[in-house]
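Structure, as structure tokens:
The values are calculated or read from the model by the stated rules, or taken from the named source; none is laboratory data. Since the model is a prediction, treat every value here as computed from it, not as a measurement. Cβ placement follows ideal geometry from the backbone for every residue including glycine, while neighbour counts extend to all protein chains displayed. Note: accessible area is taken over every heavy atom of the protein model, side chains too, but ligands, DNA and RNA are not part of it. Shrake-Rupley method; radii C 1.70, N 1.55, O 1.52, S 1.80 Å.
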Amino acid sequence: MSNKDLRKALLIRYGVCFKNRWYNVFLIIIYFGLSILEEIRFMNVKEGSSYIIPAGVFAIVGVVAILAVEITRHEKCQYIVPLSYEERKRYYLIGVLFNFTFMLLMCLLFMGITIAINKEYGMAVIKVFAIMGLPYSIVASFQKINMFKGKKKKDNPKGVYVSYVIGVVVGILASVLLFQIGYLFEHPLYMKLTAVLLNVLSLGRAIYAILEIINRDTDYENVKVNQLKVLKKLM
Amino acid sequence: MEYILEVENVNKKLDTFSLENIDFKLEPGFIMGLIGRNGSGKTTLINTILGLYQKTTGNVRICGHDLCRDESRAKGELGFVLDENPFLEDFSSLDNARIYSSYYKNFNMDMFTRYCSRFDVDPKRKLKKLSKGTIIKFQLAFALSHDAKLFVMDEPASGLDPVFRRELMEIMYDAILSGDKSILFSTHLTEEIDMVADYVTILHEGKQVITTSKEELFESYRVVKGSEEKIQLLQPSVIGKKVTPYYVEALVKNEESILNKGCQIEIPTIADFMFYFSTDKREEFTYV
């Protein structure tokens with residue numbers, strides 16, 4: 001299949017997924033609405049925390065991510081339909097690009113709205129985006145793609161195990177960081193360092209994921225067995 | 001002659017199981033049944049033909065297209081019906097068809113809806129709300145709608161009621177009527193083989209015991225019953241035997257030498273073949 005056909009197949013899939021998850025649109029509207037209202041209230045009464053707004057950005061990104069990663073879900077059918085190994089790789093890589101673009105657009109839209117309302121808070125949103133939004137979007141784009149990597153069954157699935165544990169730990173740290181974001185705003189140096197560190201980490205993760213897609217075999221059974229082994233251990 | 005399916009010396013090594021030197025061909029217009037006990041390698045072989053498993057060595061060709069070198073063309077000729085539903089359960093049949101039809105050049109959505117209506121599949125119901133039989137019918141409708149040449153079915157009738165099993169057999173017959181399509185299906189229900197299969201492949205512990213036409217199979221072997229001494233006289237022709245308190249029963253090659261030995265001779269059933277070919281101690285079973 002040509003890239004055009006693969007893009008078309010992906011868009012059809014997005015359309016069907018979106019049709020089946022249309023209620024998520026309400027969640028996005030609610031998050032958007034609440035964040036904007038909170039911002040207006042803060043500007044008027046100067047009470048509460050303005051950082052609830054950036055938190056809203058990532059809640060939105062999270063909801064979009066749930067929708068977007070449908071596309072790169074690891075499923076049996078994807079290995080039976082007439083896609084060659086090369087085509088399947090291209091399909092997933094285009095999917096990753098779609099996911100990332102989609103999430104980035106949502107973030108940019110929110111940042112644009114915030115800047116239009118108040119430039120100062122708009123800048124705060126951009127900073128939080130640099131610290132968390134961008135790395136999160138990158139990693140979320142690759143979240144399901146990880147499952148594509150088919151390690152040989154004889155291999156120790158330690159890598160997958162470590163990947164899950166790191167994912168959970170990073171998720172907890174990200175939540176803690178979001179709650180402590182006020183502290184970072186008071187210490188710009190720490191803010192910059194955190195932003196650089198998180199972005200470098202996420203880029204490293206993205207590069208690793210791409211290499212996995214390019215280099216590993218795609219034996220469905222091996223992928224599945226490794227996933228199950230790891231999940232059993234984690235349970 | 002161009003074969004629909006060519007499996008050449010296929011080996012697949014798994015952790016505790018391996019498929020060894022599987023080699024057979026299937027012509028257009030025929031149905032081949034894969035039989036064997038649980039764990040004999042039927043599903044492993046089917047997964048290898050579908051490309052879900054990467055074979056360790058050997059070749060699989062579908063309509064002349066090599067599954068390794070020309071994967072997308074080979075898979076384009078494949079229709080699949082699996083015991084474990086490979087489609088998205090949270091979506092309806094129609095949505096699944098929309099998503100996966102985009103990979104097939106010849107997928108006909110009108111034909112799909114017609115088949116759904118014929119098979120009584122509600123295209124708007126989520127797969128997770130459909131019965132197992134209906135999911136099988138949906139998979140069949142999908143496979144038939146993209147003009148597949150080879151239908152690969154993994155235990156399509158296991159766990160289904162007898163009425164639907166009969167219906168499925170009729171659908172299988174219909175599917176190959178045009179003469180340019182073939183079916184490979186695995187089962188441990190011997191009556192299915194009796195009803196529809198033209199060829200039979202028996203697997204045991206990952207090894208191919210025999211591949212032959214059903215007629216040849218029934219022509220080449222006989223079940224004989226008699227006393228221990230009488231059966232002993234047939235020894236060179238004996239494939240396996242079982243000893244009961246009253247008589248000895250054996251599967252033997254259908255040769256002139258088995259005649260006039262005072263044994264009762266019967267035509268074996270598929271269940272007999274499975275029993276004698278698919279056991280570890282083929283030589284002798286003693287029932288006390």
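In table form, for the structure just shown:
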{"quantity": "Lys, Arg +1 and Asp, Glu -1 on Cβ, resulting dipole of the stretch B:220-285 about Cα centre, debye, nearest 20", "calculated": "40 debye"}
{"quantity": "For the stretch B:220-285: rounded, prolate or oblate by the Cα gyration tensor [a/c cutoff 1.5]", "calculated": "oblate"}
{"quantity": "Cα lying deepest toward the dipole's positive end in chain B, options B:72, B:96, B:43, charges on Cβ", "calculated": "B:96"}
{"quantity": "Accessible-area order (highest first, 1.4 angstrom probe) of the listed residues A:85, A:31, B:100", "calculated": "A:31, A:85, B:100"}
{"quantity": "Cα convex hull of chain B - mean projected area over all directions, nm²", "calculated": "17.0 nm²"}
{"quantity": "Lys pairs, the stretch B:1-69 - Cα-Cα below 15 angstrom, 8 or more residues apart or on other chains", "calculated": "5"}
{"quantity": "Residue-wise HN-Hα coupling along the stretch B:183-200, computed from phi with Karplus coefficients 6.51, -1.76, 1.60 (Hz; x: Gly, Pro)", "calculated": "10, 10, 9, 9, 6, 10, 9, 5, 5, 5, 4, 4, 6, 10, 6, 8, 10, 10"}
{"quantity": "Cα gyration tensor shape for the stretch B:108-176, rounded if a/c is under 1.5, else prolate or oblate", "calculated": "oblate"}
{"quantity": "Rounded to the nearest 10 Å², the accessible area of residue B:270 at probe 1.4 Å", "calculated": "0 Å²"}
{"quantity": "Crossing angle, helix B:162-176 versus chain B [Cα axis fit, 0-90 degrees, rounded to tens]", "calculated": "70 degrees"}
{"quantity": "Karplus 3J(HN,Hα) series, Hz, for the stretch B:87-98 with 6.51 cos²θ - 1.76 cosθ + 1.60 (x for Gly, Pro)", "calculated": "7, 7, 6, 7, 10, 6, 4, 5, 5, 4, 5, 4"}
{"quantity": "Cβ-based charge dipole, chain B, positive-most Cα from B:270, B:29, B:139", "calculated": "B:139"}
{"quantity": "Amide proton proximity set for residue B:210, modelled H, under 5 Å, gap of 5+", "calculated": "B:202"}
{"quantity": "Normalised contact order of the stretch B:187-288, rounded percent, pairs of Cα under 8 Å and 6 or more residues apart", "calculated": "30 percent"}
{"quantity": "Max mean-square fluctuation residue, GNM over chain B, Cα-Cα springs under 10 Å, options B:80, B:277, B:164", "calculated": "B:164"}
{"quantity": "Interchain or long-range residues, amide H under 5 Å from residue B:82's placed H", "calculated": "B:154"}
{"quantity": "Unit charges on C-beta of K, R, D, E only; dipole of the stretch B:5-216, Debye", "calculated": "640 debye"}
{"quantity": "Exposure ranking of B:228, B:205 by accessible area [1.4 Å probe, largest first]", "calculated": "B:205, B:228"}
{"quantity": "Carbon + sulfur, % of accessible area of chain B - ligands and nucleic acids excluded, 1.4 Å", "calculated": "46 percent"}
{"quantity": "Heavy-atom SASA rank of B:129, B:241 (probe 1.4 Å, accessible area, largest first)", "calculated": "B:129, B:241"}
